[in-house]
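The values are calculated or read from the model by the stated rules, or taken from the named source; none is laboratory data. Since the model is a prediction, treat every value here as computed from it, not as a measurement. All Cβ positions, even for glycine, are placed from backbone atoms using ideal geometry, and neighbour counts span all protein chains on display.
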Amino acid sequence: MTGTELARAVSGARQGPPVLIVSGYADAEGIAADLPRLTKPFRQADLGAAIADVLA
């Protein structure tokens, strides 16, 4: 199971938690463009903003 498949399974479950894909390979094939993502490298402020967006 890939990370994208896991994220879909978790978020698709009844009231599943929000997911955030964090990857250094953002352009890699198989990473769904519709899932929230944060690309490496990132700053602490970027992580905080991405988490806030996912939880909103």
For this session: Looking at (1) at pLDDT below 85; (2) loosely packed, with under 12 Cβ neighbours inside 10 Å, find the lone condition where Leu35 falls short.
Result: (2)
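So if I check each of Gln15, Gln44, which one is at pLDDT 80 or above and not aromatic (Phe, Trp, Tyr)? Step through it out loud before you land on a result.
Details: Gln15 fails: at pLDDT 80 or above.
Going through Gln15, Gln44 in turn, the sole match is Gln44.
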Exercise. Name the pairs: first residue in segment 31-56 and farther than 24 Å from Gly12 by Cα, second residue assigned to a helix (DSSP H, G or I), Cβ to Cβ under 7 Å, at least 6 apart or on different chains?
Worked result: none
